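Below you will find the structure I want to go over with you.
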Amino acid sequence: MNKMMRRYVPFMKAGIQTLITYRLNFLGFVIGGLIYCFVMFYLWRSVFESNGGGMFLGFSMTDMVIFLFLSNTTGQLIFSSVGEQIGEEIRDGSITMRLLKPVNTDLSYLFAELGEVLMKVIVLLIPMVLGLEIYRFCVTGTLVFNPVNFLWYLLSAALAYLISFRVNLCFGFIAFYVKNLWGIGILKNSVIGFLSGSLIPLAFMPEGLRVCLEYLPFASMNYTPVMLYMGKYAAWEILFRIGLQIVWALLLFGLSKLIWFGAIKKLCIQGG
Amino acid sequence: MRRIWKIYRLLAAQNLKRLMEYRADFLTGAVSFLIDQAVGIAFIFIIFTQIPQLAGFTFEQVLFIYGFSQIPKGLDHLLSDNLWCVGYFIVRKGDFDKYLIRPINPLFHVIAETFQIDAMGELIVGIGLLIYASPNAGLHISVWTVLLSIIAVPFAALIYTSLKIMTAALAFWIKSSGFIIQMVYGMNEFAKYPTTIYSLPVRILVTYIIPFAFTGYYLSLYLLTGSDPWFSIGGVILVSCVLFAISLFVWKKGISAYESAGA
């Protein structure tokens, strides 16, 4: 264990460094996300007003605000660009340097990203949760923050990140065939955004679609942790959802390994 | 003028050849933006299963506003996508030198260099929504409203382009301004929905400071109500020309401040 940490902690430090170096670009994306949240906030406020106030399909306006901002933050936390990175390294040949190192390739990517995630928890998640709870306190007049739910959220978000990492790894193999990484990135974000319920709560979707999406891995990537934070699940359902996340994490782990071993045998780098 | 047109055609032809070479890329790009749009529209559908009207607008009217807002956005995306690259890396890597040593206007060269076909996603959705929503949106169709609205579209696209020129030009001073383009451009989200749903400070922001409201809502409102052309059509022309003038000024200042980076 100790040996392993010694081996991978430098990757984590490198990840933190990367985020600090590109902090302005990171800030741009955070602010872009917040703008989107505010547009949605006004849209929902207008929807609630047109609906005569009160509840909308089991959500109050306060719920909606928490949902919007927390799913956006969760989206930032679980964001993984490992697929694009592998595609890039294959193209310029630098992946050979990684393969030569006496480390597990997956883990070296994972730890580099974990460094970024750690920074995001400190600079994004904590201020966001504080802000949301202050907002909720101002609106409802009582302190509703539930530390148990928050712990469930953290556990579930960690699993969500692992799933997102594996999904991205699988997605990244498309980069072997297509050069338009920018287009693929947009495609990935909007498809995952929709399927994961982070744009529209799954609870608002037609029954059949909702049930399907709840079982797909995408809901595990964002919707599950946010719902856990909001305390929308009963006790047995919490365990069921977390269990489902674990199952998906394992399945996708297997799938990405399978693709990786298939691809690595065919790896052929031209020039460099 | 003729020379400029000829150069533009040559550069655009090069772009099209590149597209034919990487057909799969072109498809992924266009499909990606199409799906991105589909999600936005699905959202409106789901809202309207529960409520009859949003801030006084019917389902078709909201779709109309949404669709209209995508056309100037797509037009700008089609023609001036290379400005993103100026902000993100062309200046930082010192590659901007190439634009300065050629006998054509650098800004024109930057813009003419890329013909971004991904924008078809936005244009197809925008036009599709207008066709779908028009019959039931209660439009005031007359020669004037239609003609003025069509004239206004390029000016609305110019608002996007000007904001991009201005923010991309900041890279001449700070090397990489991609994140600033991202932030300012991101405000176009506000253009997709009726501006009346926002609170007063936001409305002032998107009308007078980063005037995306003119690229969608105000223009649609003119077609929907037939009133106030001076504010909507006149507004978009005035605002876009003023912004464009400012952006040219910033760009010019920027180029004289540009120092090539060693690579």
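The values are calculated or read from the model by the stated rules, or taken from the named source; none is laboratory data. Treat the numbers as computed from the prediction; the structure is a model and nothing was measured. Glycine gets a Cβ as well: all are built from the backbone with ideal geometry, and neighbour counts include every protein chain shown.
Identify all residues within the stretch B:161-189 that are farther than 27 Å from residue B:40 by Cα and of a type in the set (Lys, Arg); write none if there are none.
Residue satisfying the conditions is B:175 alone.
Only one of B:199, B:220 is surrounded by fewer than 20 Cβ atoms within 10 Å (Cβ to Cβ) and within 30 Å of residue A:51 (Cα to Cα); which?
On inspection, the qualifying residue turns out to be B:199.
Pick out the one residue from B:167, B:196 that is in a helix (DSSP H, G or I), in contact (Cβ under 8 Å) with a residue 60 or more places away in the chain and within 19 Å of residue A:45 (Cβ to Cβ). Spell out the reasoning first.
Values: B:167 fails: within 19 Å of residue A:45 (Cβ to Cβ).
Going through B:167, B:196 in turn, just one is in a helix (DSSP H, G or I), in contact (Cβ under 8 Å) with a residue 60 or more places away in the chain and within 19 Å of residue A:45 (Cβ to Cβ): B:196.
Report whether or not residue A:261 is free of Cβ contacts under 8 Å to residues at least 12 places away in the same chain and under 30 Å from residue A:109 (Cα atoms).
Criteria met by residue A:261.
As an exercise: evaluate residue A:197 against (1) buried (at least 22 other Cβ atoms within 10 Å of the Cβ); (2) under 13 Å from the mean Cα position of the chain (by Cα); (3) in a helix (DSSP H, G or I); (4) not polar (S, T, N, Q) and give the number of the one condition it does not meet.
(3)
I need the full set of residues from the stretch A:20-75 which are in contact with a Gly (Cβ under 9 Å, 6 or more places away or on another chain), assigned to a helix (DSSP H, G or I) and more than 11 Å from every other protein chain (Cβ to nearest Cβ), in order please.
Result: A:61, A:69, A:71, A:72, A:73, A:75.
State all residues of the stretch B:18-37 that are surrounded by fewer than 16 Cβ atoms within 10 Å (Cβ to Cβ) and among the small types (Gly, Ala, Ser); if no residue qualifies, say none.
Of everything in the stretch B:18-37, just one residue is surrounded by fewer than 16 Cβ atoms within 10 Å (Cβ to Cβ) and among the small types (Gly, Ala, Ser), namely B:24.
Also: If residue B:174 satisfies every condition in (1) within 11 Å of chain A (Cβ to nearest Cβ); (2) of a type in the set (Val, Ile, Thr); (3) touching a residue at least 60 places away in the same chain (Cβ under 8 Å) but one, which is the exception?
(3) is the only condition that residue B:174 fails.
Considering the stretch A:99-142 alone, what residues qualify as being crowded, with 18+ Cβ neighbours inside 10 Å and of a type in the set (Asp, Glu)?
Of everything in the stretch A:99-142, those that are crowded, with 18+ Cβ neighbours inside 10 Å and of a type in the set (Asp, Glu) turn out to be A:113, A:116.
Within the group A:46, A:71, which residue is free of Cβ contacts under 8 Å to residues at least 24 places away in the same chain and closer than 30 Å to residue B:192 by Cα?
So the residue among A:46, A:71 that is free of Cβ contacts under 8 Å to residues at least 24 places away in the same chain and closer than 30 Å to residue B:192 by Cα is A:46.
Please go through the stretch B:55-94 and pick out each residue that is of a type in the set (Phe, Trp, Tyr) and not in a helix (DSSP H, G or I).
The one that is of a type in the set (Phe, Trp, Tyr) and not in a helix (DSSP H, G or I): B:57.
Kindly indicate whether any position in the stretch B:108-123 is within 14 Å of another protein chain (Cβ to nearest Cβ), β-branched (Val, Ile, Thr) and more than 28 Å from residue B:238 (Cα to Cα).
Scanning the stretch B:108-123 turns up at least one residue that is within 14 Å of another protein chain (Cβ to nearest Cβ), β-branched (Val, Ile, Thr) and more than 28 Å from residue B:238 (Cα to Cα).
If you don't mind, there's one more thing I want to ask. Can you tell me which of A:244, A:255, A:239, A:228 is part of a helix (DSSP H, G or I), at pLDDT 90 or above and either among the polar types (S, T, N, Q) or buried (at least 24 other Cβ atoms within 10 Å of the Cβ) (or both)?
Details: A:244 fails: either among the polar types (S, T, N, Q) or buried (at least 24 other Cβ atoms within 10 Å of the Cβ) (or both); A:255 fails: either among the polar types (S, T, N, Q) or buried (at least 24 other Cβ atoms within 10 Å of the Cβ) (or both); A:239 fails: either among the polar types (S, T, N, Q) or buried (at least 24 other Cβ atoms within 10 Å of the Cβ) (or both).
Residue meeting the stated conditions: A:228.
I've got another one for you. Give me the pairs, please: first residue somewhere in the stretch A:1-16 and without any contact (Cβ under 8 Å) to a residue 60 or more places away in the chain, second residue anywhere and among the aliphatic types (A, V, I, L, M), beta-carbon distance under 9 Å, and either six or more positions apart or on two chains.
Close Cβ pairs satisfying both conditions: A:4/A:107.
In this structure, is residue B:29 under 21 Å from residue B:182 (Cβ atoms) and in contact (Cβ under 8 Å) with a residue 40 or more places away in the chain?
Working: under 21 Å from residue B:182 (Cβ atoms): yes; in contact (Cβ under 8 Å) with a residue 40 or more places away in the chain: yes.
Yes: the conditions hold for residue B:29.
Related question: Out of the residues in the stretch B:202-217 meeting the condition of being buried (at least 23 other Cβ atoms within 10 Å of the Cβ) and not in a helix (DSSP H, G or I), tell me which one is farthest from the other protein chains (Cβ to nearest Cβ).
B:211
With the requirement that a residue be over 13 Å from residue A:37 (Cα atoms), in a helix (DSSP H, G or I) and within 8 Å of chain A (Cβ to nearest Cβ), what does the stretch B:184-193 give you?
Matches in the stretch B:184-193: B:192 only.
Follow-up. Check the stretch A:82-96 and report whether any residue there is buried (at least 17 other Cβ atoms within 10 Å of the Cβ), touching an Asp or Glu at 6+ places or on another chain (Cβ under 9 Å), of a type in the set (A, V, I, L, M) and assigned to a helix (DSSP H, G or I).
The answer is yes; a qualifying residue exists.
Results for (1) surrounded by fewer than 21 Cβ atoms within 10 Å (Cβ to Cβ); (2) acidic (Asp, Glu), shown as yes or no for each residue.
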| position | (1), (2) |
| --- | --- |
| B:69 | no, no |
| B:83 | no, no |
| B:97 | yes, yes |
| B:100 | yes, no |
| B:103 | yes, no |
| B:141 | yes, no |
| B:155 | no, no |
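Report, by residue number, each residue of the stretch B:223-241 that is among the hydrophobic types (A, V, I, L, M, F, W, C) and surrounded by 13 or more Cβ atoms within 10 Å (Cβ to Cβ).
B:223, B:224, B:231, B:233, B:236, B:237, B:238, B:239, B:241
Conditions (1) buried (at least 22 other Cβ atoms within 10 Å of the Cβ); (2) of a type in the set (Gly, Ala, Ser), marked per residue:
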position: B:1; (1), (2): no, no
position: B:4; (1), (2): no, no
position: B:42; (1), (2): no, yes
position: B:45; (1), (2): no, no
position: B:49; (1), (2): no, no
position: B:60; (1), (2): no, no
position: B:65; (1), (2): yes, no
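May I pose another question? Of everything in the stretch B:95-130, what is over 28 Å from residue B:186 (Cβ atoms) and outside any loop (DSSP other than H, G, I, E, B)? Give them in sequence order.
Matches in the stretch B:95-130: B:97, B:98, B:100.
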